[in-house]
Each structure stands twice: as C-alpha cells, then as structure tokens.
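Participant: Submitted below is the structure of interest, expressed as structure tokens.
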Amino acid sequence: MNPLLGSDIRSMAQRSVLCWLATADASGQPNVTPKEIFPVLDDEHIVVANIASPGSAKNIRANAKVCLSFIDVFAQKGYKVLGLGTEAQPTEDGYAHWVAPLRAMAGERFPIHSVFVVRATAVEPIVAPSYRLYPSETSEEKQIESALLAYGVQRSEQGEL
Ligand SMILES: Cc1cc2nc3c(=O)[nH]c(=O)nc-3n(C[C@H](O)[C@H](O)[C@H](O)COP(=O)(O)O)c2cc1C
C-alpha cells in the first residue's frame, strides 16, 4: 500500500516553503495561520514548530482535527493534508524524536516551545483550475511562467527562481 505521505508530498512540502495550518476551537471557529517549519517526518506524520503560535496550540488542545495545506506558488499545485493534531511538550518522553527535524530547520535563533504533531488521515492534491479546465494548453512550465509574471519575479541568470 502506498504511504499517505510519500516522496512526492515530501518534496512538494519542501518546494512550497510555507504551509497554512488550519485548526478550530471547541465551538468550531476556524483559525488559519502560516508556518514555515513543517517537515514531513515519516509516512504518516508532519511536524510543525510552535515558535509563535499560541492560538493554534490552544485549538489543538481543544480539538484535534486539523488541516494543513501547502502549494508551490510558481507551479500552482500542492496538497491538502487532513489529520489529527497533538501538541508534544518538551517534558514528554519521545519529544526529542518529534523536535529533531524542526531544530535542524529552525536553527538556534528560533526557540521552539512545543511541537504540533499532525498524523495524516487523508491527503488530497490541490491544483490551479487551469490544469483541469484546460489540460491541453496547461503545463507546469507555462504555469510557472505566468506565476513569475503575476508575482513580478525574475529568474536568475542560472535560470533558478
Ligand atoms: C512566513 C511566516 C512563517 C511563519 N512560520 C512559523 C512557524 O514555523 N512556526 C510558528 O509557530 N509560527 C510561524 N509564523 C508565525 C505565526 O504564523 C504567527 O505568529 C501567527 O499569528 C500565529 O497564529 P496562531 O497563534 O493562531 O497559530 C510564521 C509567520 C510567517 C508570516
């Protein structure tokens, strides 16, 4: 059976740079905020650094249902990951396992208060409508070209974004 979080999702998470973490409080009030430190840890877990996210922490403690989405803004595609979130605290057994990849990404400058551990229950692709509405005239390269224009970004001389 294919893992829920396979290598394509792992590499898209890296390319995307930023994710949006959606949580909800006990009454269902949604909260969506960006997180940059969110590596895919293994086939079913994404870990998110709680550096400055008291609202997400409070919600996850009250309501485990979360959704995390990320897209490569240039290719205009990515994934939506639905799952159950828990907050791992530094005092807990096993914390070192969850926090290790986050420390590697965040470095010394950003203190990590706790870790949001998202166990994925479902994954759906996200694509710009053009990919589905106009498949014969849409390619990743064309989407990148139009996104570069829209964001006013120029490639480097090496052709990198
Ligand atoms: C580009 C960007 C990246 C961010 N990355 C993180 C992150 O990895 N971890 C974190 O805790 N906060 C991060 N933040 C800050 C939170 O999004 C911000 O403090 C937000 O208000 C937290 O809301 P919350 O308390 O409702 O979760 C980031 C913000 C921006 C703009």
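Rule-based calculations on the coordinates, nothing more; no lab input. Everything numeric in this text was worked out from a predicted model, so none of it was measured. Note that each Cβ is placed from the backbone with ideal geometry, even for glycine, and that neighbours are counted across all protein chains shown.
Participant: Just to confirm the number: angle between the C-alpha axis of helix 7-16 and the first principal axis of the chain, 0 to 90 degrees, nearest 10?
Facilitator: For 7-16 against the chain, the angle is about 80 degrees.
Participant: Can you work out the PRE-style zone for THR121? Point 7 Å along Cα to Cβ, and I want the residues of the range 2-21 with backbone N under 18 Å.
Facilitator: Under 18 Å, as judged by backbone N against the label point of THR121, lie 4-5, 21 of the range 2-21.
Participant: Please find, in a Gaussian network model of the chain (springs between Cα atoms separated by less than 10 Å), the residue of ALA88, ALA24, ALA150 whose mean-square fluctuation is greatest.
Facilitator: So, out of ALA88, ALA24, ALA150, the one fluctuating most is ALA150.
Participant: Counting Lys +1, Arg +1, Asp -1, Glu -1, what net charge surrounds PHE116 among other residues with beta carbon under 12 Å of its beta carbon?
Facilitator: In short, +3.
Participant: Let me ask you something else. For the chain, what's the radius of gyration and Dmax over Cα atoms, in angstrom?
Facilitator: Radius of gyration, then largest Cα-Cα span, for the chain: 17.1, 54 Å.
Participant: Something else about it: Do the sum for the chain: with -39,500 (n - 2.57) for every DSSP H run of n ≥ 4, divided by all residues, what is the mean residue ellipticity at 222 nm, to the nearest 500 deg cm²/dmol?
Facilitator: Result for the chain: -8500 deg cm²/dmol, rounded to the nearest 500.
Participant: What ³J(HN,Hα) values, in whole Hz, does the Karplus curve 6.51 cos²θ - 1.76 cosθ + 1.60 give for the range 19-30 when θ = phi - 60°, with x put for Gly and Pro?
Facilitator: These are the phi-based 3J(HN,Hα) values: 10, 10, 9, 9, 10, 9, 7, 4, 8, x, 5, x Hz.
Participant: Where does helix 140-151 land angle-wise versus the long Cα axis of the chain, in degrees 0 to 90, nearest 10?
Facilitator: 80
Participant: Next question. Using the alpha-carbon atoms, what tilt in degrees (0 to 90, nearest 10) does helix 95-106 show relative to the longest principal axis of the chain?
Facilitator: Helix 95-106 sits roughly 40 degrees off the main axis of the chain.
Participant: Would you be so kind as to identify which of ALA128, ASN50, THR23 lies farthest towards the positive end of the dipole of the chain, taking Lys and Arg as +1 and Asp and Glu as -1 on Cβ and the Cα centre as origin?
Facilitator: Working it through, the farthest residue towards the positive pole turns out to be THR23.
Participant: Classify the range 109-150 as rounded, prolate or oblate, taking a ≥ b ≥ c as the square roots of the eigenvalues of its Cα gyration tensor: rounded when a/c is under 1.5, otherwise prolate if a/b is larger than b/c and oblate if not.
Facilitator: oblate
Participant: Summing +1 for each Lys or Arg and -1 for each Asp or Glu, what net charge is found among the other residues whose Cβ lies under 11 Å from the Cβ of LEU41?
Facilitator: -1
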